[in-house]
Amino acid sequence: MQIIARKGRSQARTIKSLLKTKSFMAGLSLLSLVVITQPAIAQTTTNSSAISVQSSKTDNRYPLIPYPQSLIPAAGQFIFNQNTHLIADSKTLGIEIQDLKELLQLPLKPVSNLPEANFISLELDGSLTHPEGYSLTITPASVKIIAKDKAGIFRAIETIRQLLPPSLEGAKGADNQAIPAATITDYPAYAYRGMHLDVARHFFSIDYLYKFVDRLALYKFNKFHLHLTDDEGWRIEIKKYPKLTSEGAWRTLDSHDSACIKRAEQTGNPDMYLDSSHLKMIHGKMMYGGFYTQKEMKALVAYAAARHIDIIPEIDMPGHSRTAIRLYPFLACSAAKETGQGFSVPMCPCNEATYTFAENVYKEIFAIFPYEYVHLGADEVNKESWENSAECAVTLNKEGLKNVNELQSYFVRRMEQFFNKHGKKLIGWDEILEGG
């Protein structure tokens, strides 16, 4: 158990211009930025390279976020044009080559022999030390990328994206656009670089998620923690339990939604905007919501994977489950009563029906998200209903548990066994340790 505190969508790539403003970086502060604090590699930066980084940071020709491990400025620039050649193994690096072409919107004529000038080369070198690391050498004559793996090639292309002017995004392309000369060596300081997005409380369209993946790629994140369920809504199709989305994806439009609409009008922030397609009348009430089909989510997972980003789903249990319990009441303990105050009544860890539901849900989730980590949530559980539950009294006695905190750990461990059986590793918020 671990704890962690283009698909043809060229329009999604217009977020490059956000790099020149504070708007996106301010937005990052509103989300849960997750970085494992154990460095993936030992820091071996020499004094000379440290000096090169510090001096280049004051050079506004290199607006890079995050800043590379080493950047040595050089005179001149490389200018892309219609005659720029490409040297790369198309069989091995086909996806990365396509991404580069979409970025530059140039033919990038392939050649087998090294030209004297006006070329960009992509090369894999397995002898290099750092996963996802790369060297990027830019001179007036050429652009050379050498990386240990495909992810490193992609990260270097995103560095080129940041060096190009924002105006190239869209129809213009990079014809006759320049990037400054430099020798860049970069690799991640942390193996896990994650961003969290909550789509349960405020629904974001599938198109927005594609743009969000592009933002993560631009800033070299490699994990996308997607919070898909909560008290306010259920956002992923589960075929075994269709009511989770046919009804659970929609709720009455409330004052918080109105505040979002007002904020969008005042600030122009598109993240606050409520698309009219997410509003509909149900039984005479204006409802707000939406969900993602499994087909849509599989396509997003593939899109992110091509950008070397893993999407980690969170289906929050046993707490934050008001939506599921409202539609499937057997999930709560028999004596549970919703107070409407604070955190919602949780699922009942003392009924086998709860585990049947949870396992059925996660089987479908495992089939969509092929990565080893899956997030159980398990945070902010109101255990009052467990304390007053006759069935939980039986479970406490049968399992030799001292209190309801240990009952939460009992639930987590049973789910962990199920995860492990299916080749997954369970992760959750820090409260999963409350019962030891």
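The values are calculated or read from the model by the stated rules, or taken from the named source; none is laboratory data. These numbers were taken from a predicted model, which means no experiment stands behind them. Cβ sites come from the backbone with ideal geometry, for glycine too, and all protein chains shown count toward neighbours.
Brief remarks follow.
- Filter result (of a type in the set (Val, Ile, Thr) and over 12 Å from LEU122 (Cβ atoms)) within region 76-106: ILE79, THR84
- Among the candidates LEU106, LEU114, residue that is assigned to a loop (DSSP other than H, G, I, E, B) and either over 31 Å from the mean Cα position of the chain (by Cα) or farther than 27 Å from ALA302 by Cβ (or both): LEU114
- Complete set of residues in region 260-275 that are modelled with pLDDT of 85 or more and either polar (S, T, N, Q) or surrounded by fewer than 13 Cβ atoms within 10 Å (Cβ to Cβ) (or both): LYS262, GLU265, GLN266, THR267, GLY268, ASN269
- On the stretch given as region 417-433, residues that are in a helix (DSSP H, G or I) and either within 19 Å of LEU396 (Cα to Cα) or hydrophobic (A, V, I, L, M, F, W, C) (or both) total 4.
- Answer from ASP207, ASP257 - the residue that is assigned to a helix (DSSP H, G or I), surrounded by fewer than 23 Cβ atoms within 10 Å (Cβ to Cβ) and in contact with a strand residue (DSSP E or B) (Cβ under 7 Å, 6 or more places away or on another chain): ASP257
- Just one of the listed residues (ALA367, ALA335) is hydrophobic (A, V, I, L, M, F, W, C), part of a loop (DSSP other than H, G, I, E, B) and surrounded by fewer than 17 Cβ atoms within 10 Å (Cβ to Cβ), namely ALA335.
- Options ALA178, ALA174; residue that is surrounded by fewer than 19 Cβ atoms within 10 Å (Cβ to Cβ) and over 22 Å from the mean Cα position of the chain (by Cα): ALA178
- Residue match in region 357-364 (condition: assigned by TED's automatic domain parsing to the domain that holds ARG414, assigned to a loop (DSSP other than H, G, I, E, B) and either of a type in the set (D, E, K, R) or modelled with pLDDT of 95 or more (or both)): no
- Hey, ILE261 of a type in the set (Val, Ile, Thr), farther than 20 Å from GLY377 by Cβ and not assigned by TED's automatic domain parsing to the domain that holds PHE419 or not: yes
- In region 106-160, of all residues being small (Gly, Ala, Ser) and farther than 20 Å from TYR67 by Cβ, the one that is surrounded by the most Cβ atoms within 10 Å (Cβ to Cβ) corresponds to SER142.
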